[in-house]
Each structure stands twice: as structure tokens, then as C-alpha cells.
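Novice: Right, I'll just put the structure down here and ask away after.
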Amino acid sequence: MKDLQSRIRILLEVLLLVLMGLDGFALFISVFLPLQPGTFQAVVLLDLAVSLIVSAAYLIQPGLRESWRIPLVAIPFYFIGVKILGAPQHSPLLAVLNLIKVAGLLMAVRDLAGSVGEFMRRSRLGYGVGLFVSVIFVFTILFYIVESPVNPLVVTYEDSLWYVLQTITTVGYGDIVPVTSLGRFTGMVIMFSAIASTSLITASATSTLLETLRGEQERIESRRRDEFREIKARISGLEERLDRIEEMLGELRRGP
């Protein structure tokens, strides 16, 4: 039962970290790049959902109440500003507040990561994840700048993001094809970056898992050695008692 609760807790931690990462990425993109109305509404709803989840975590876990970062990232600035107060989507004040929230999300990850964060620190997995996210962000913007003026298939930022995602995951539907030399070069770099980041993530995770298994095996062997020494000590004690009993029986047989 305890093991099941631990697994559920780790699963929830992973889910929370993924949602916070997506929220930070979406907010950062929405500040600097024009998004379609439907996409912007999705960003607003995602930010609201993450804010509510972080608020719940803040209330449930007493240790988080000492952190000033959690209340900061629990405020849905877009929902309050656009939906409630009627502010424009590209309000400078909202842009500044959301950039502050993105920075707060990056710092709050350490407070909410728990055992998952400890695993990522030991495995250096954060470097691979950081490379993966950086490739998506940088090359989405680059591909959009290069292809949108001449490629009829790349009209919005979302089109560029779709191309980068299907390229970096090696799916390659072929519905968007670069037409410029720099666009094709960008696609090649994305493919090689995908291989590099995947290899780095796999190697880091595998190394840490092997280390963990090795440490667990050493603990089991150490516990077995301790148990063996304890059994050996008990046997020695029993042998001493038997020797004393034999001496007493010998004295009784000899009589006074």
C-alpha cells in the first residue's frame, strides 16, 4: 500500500511538472509572438488550470506555504486581465506580469519537484530536457521567420510549431515542407538535435537507474551480511551455552 502511494505521488509530481513546463512555454510564446485567437484562448485556459492546480498543491502541502514563489505562479494573469477586466491580449502590463510568472514557474519547479526533481538532479536529466525545449522554441521562431514570407504552408506561428514538433519527434507527416535553403537547413539541424537530445536523455536516465539498482543491490547485500553476522553470533552464544551445560552435566555425573 505504501509503495502504491509512493508511485501515485511520483506520477502526480511528473504530471504537475509537465503542466508547469507547458504553461511556462505557452506564456513565453504568447508574450513575444502573435497567436491565433483560438490558440490564445487555449493558452488562457491552460494557464488557469495550472494556476488552480498549483493553488491546490500550495494548500495541501504545508511545506510549500513558506515559499513566496508558489502564490506568484498561482495567479492566472491572462484570465483575470483579459476575461474579467477586459484588457487587450497584447497589453504591456500583462506581458510584464506573465514574464514574471514564467520566471516564477522556473523557480517554483524546485519547490514542487520532490523526488522527481531529486532524480533529475542526480541523472542530469534536466540538461537533455532543456536542450529539447530550447530546440523547439528557437527553431520554431527561426523557421517561422524564414519560411512565412515565401511558404504558403507556413502562415502562422502555429504552423511553424507544428512542423518543428513533427520533425523533432521524427514523425514527418509531410504536410509542411520547407522551400528555402535556410528552412531546409533548419529542418536538418532539428533532426540532429532530436537525436542528440534523445540520446542524452536516454543515457542519463539509464545511468541513474543502473546506479539506483546497484545501490539497492549493495544495500541488500549489506543487510544480508549483517543478518549473517547476527546469526553467527547467536550460534556462537548457543555453542557456549551447550558447553556450559555439558560441563554441569559432567560435574553432576561425577558426584560429590
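Novice: Set Lys and Arg Cβ to +1 and Asp and Glu Cβ to -1, take the dipole of segment 124-256 about its Cα centre, and tell me which of MET188, GLN217, LEU161 lies farthest positive.
Specialist: Among MET188, GLN217, LEU161, the one farthest towards the positive end of the dipole of segment 124-256 is GLN217.
Novice: Sort PHE228, PHE143, PHE28 so the one with the fewest other Cβ atoms within 10 Å of its own Cβ comes first.
Specialist: Numbers: PHE228 10, PHE143 27, PHE28 17.
Exposure proxy ranking, most exposed first: PHE228, PHE28, PHE143.
Novice: Contour minus end-to-end for GLU251 and ASP175, with contour as 0.36 nm per residue of separation and end-to-end as the Cα-Cα distance?
Specialist: On the way: separation 76, 0.36 × 76 = 27.36 nm, distance 10.06 nm.
Once the chain is fully extended between GLU251 and ASP175, it gains 17.3 nm.
Novice: Grab the beta carbon distance between LEU213 and VAL18, set R0 = 30 Å, and tell me the FRET efficiency rounded to 0.05.
Specialist: Calculated value: 0.75.
A short reminder: the numbers here are calculations on the coordinates, not readings from a lab. Just so it is clear, the model here is predicted, and its values are computed rather than measured. Quick reminder, even Gly has a Cβ in these numbers, built from the backbone with ideal geometry, and neighbours come from all protein chains shown.
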